[in-house]
Amino acid sequence: MRSLLFVPGSRPDRFAKALAAGADAVCVDLEDAVAPDGKADAREAVVGALIAGDRVGVRVNSVRTDDGKADLDALSTAPAPVFVMVPKAETPGDIAAVRAGIDAPVIALVETAEGLRNAWDIAAAEGVSAVMFGGGDYAAELGIAMDFEALLFARSQIVAAAARARVPAIDVPWLDVSDPAGLKREAERVKALGYRAKACIHPTQLETVNAVFTPTPDEIARAQAILQALENAQGGAALLNGKLIEKPVALGARRTLEAARSAGLET
């Protein structure tokens, strides 16, 4: 996954459009995008629209709320979504609450100070397929600006927790739809930190995000050259274009080629 597009659960007329927009996955949102008095109707619409095998996941309400429990009850009777996103994940117990009734991978959305404190355990919880950083709620809780420098510590902690658990990290959406240059800069910076994907709130953001997280021909060629050089060295260190490369570098090279293959590129 390079891109994940959110669509409000209260707008079933947009579900098919979201799927056709070019996102690697679509997340139908029952939480922040739905007003409190519209939760029940949105829940019914989402459950009725789920089709086995679609690229559609669902963000439920916090599993510690009545709405979240109602979401899980409803989803347990429907075709399993491709993932369930758990907002405000703060303990592995939040993940277990989903897995108890729904056979679907979980994207843990870490967006509170308590969640960040437990991010390593959350990422390693059974059933977690990715960890996402919820920068907006996190910034609001801490009373800080939602800019790169202010969020760098949390972003770094989450990507490290995800790496330890061997699952990808997904970054928070860029909220200014009118600033594609800012989106590109931030996507490039979080990719450099180790994030594997970025969430989007509008279809116009997908082309930029997909491009940033798709390896370039030069990156693919370098990854291939790294693996070939290490293979020729028969497990030892090697020189590539005058630079020393060792076994740990192979992990990054393999990830580059995996990302290329996922994007449909020849490797």
What number, in nm² with one decimal, is the all-direction average of the projected area of the convex hull of the alpha-carbon atoms of region 9-150? 8.7 nm²
log10 I(q)/I(0) for region 217-263, Debye formula on C-alpha points only (no solvent), q = 0.32 Å⁻¹, two decimals, reads -1.20
Two-site FRET efficiency, D176 against Q234, from Cβ-Cβ distance with R₀ of 51 Å, rounded to 0.05: 0.50
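Roughly how large, in nm² to one decimal, is the mean projection of the convex hull of the alpha-carbon atoms in the chain? The partial results should precede the final answer.
Numbers: hull surface 60.1 nm².
The number I arrive at for the chain is 15.0 nm².
Where does region 189-252 land on Rg(C-alpha)/(2.2 N^0.38 Å)?
1.45
Relative contact order, percent, of region 3-213 when contacts are C-alpha pairs under 8 Å separated by at least 6 residues?
18 percent
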Count of lysine pairs in the chain with Cα separation under 24 Å (8 or more residues apart, or interchain): 11
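What number comes out for the charge environment of G22, summing +1 per Lys or Arg and -1 per Asp or Glu over other residues with Cβ under 12 Å away?
Values: positive: R2, K17, R55; negative: D24, E207.
In short, +1.
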Determine the per residue accessible area of the chain with all protein chains present and a 1.4 angstrom probe, expressed in square angstrom. 48 Å²
Roughly to the nearest percent, how much of the accessible area of region 217-263 is carbon and sulfur, given a 1.4 Å probe? 50 percent
Could you work out how much longer the chain between T204 and R14 gets when fully extended? Use 0.36 nm per residue separation minus the Cα distance between them, nm to one decimal. 67.0 nm
Relative contact order for region 110-267: what is it in percent, counting Cα pairs under 8 Å that are at least 6 residues apart? 16 percent
Of all DSSP beta bridges having both residues in the chain, the percent classed as antiparallel (nearest 5) is 10 percent
If exposed means no more than 13 neighbouring beta carbons inside 10 Å and the site is in a DSSP loop, what's the longest run of the chain without any exposed GluC sites (Glu not before Pro)? 1-125
Would you work out what percent of the accessible area of region 40-186, with all protein chains in place, is carbon or sulfur (probe 1.4 Å)? 54 percent
Say each of A145 and A192 gets a label point 7 Å from the Cα, pointing the same way as Cα to Cβ; how far apart are those two points in nm? 1.8 nm
How much length, in nm to one decimal, is gained on full extension between Q157 and A263, taken as 0.36 nm per residue of separation minus their Cα-Cα distance? 35.5 nm
For T204, the accessible surface traced by a 1.4 Å probe with all protein chains present amounts, in square angstrom to the nearest 10, to 90 Å²
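The values are calculated or read from the model by the stated rules, or taken from the named source; none is laboratory data. Bear in mind the structure is a predicted one, so any value in this text is a computation, not a measurement. So basically every Cβ, Gly included, is an ideal-geometry build from the backbone, and we count neighbours across all protein chains shown. Only protein heavy atoms, including side chains, enter the accessible area calculation; ligands, DNA and RNA are left aside. Shrake-Rupley method; radii C 1.70, N 1.55, O 1.52, S 1.80 Å.
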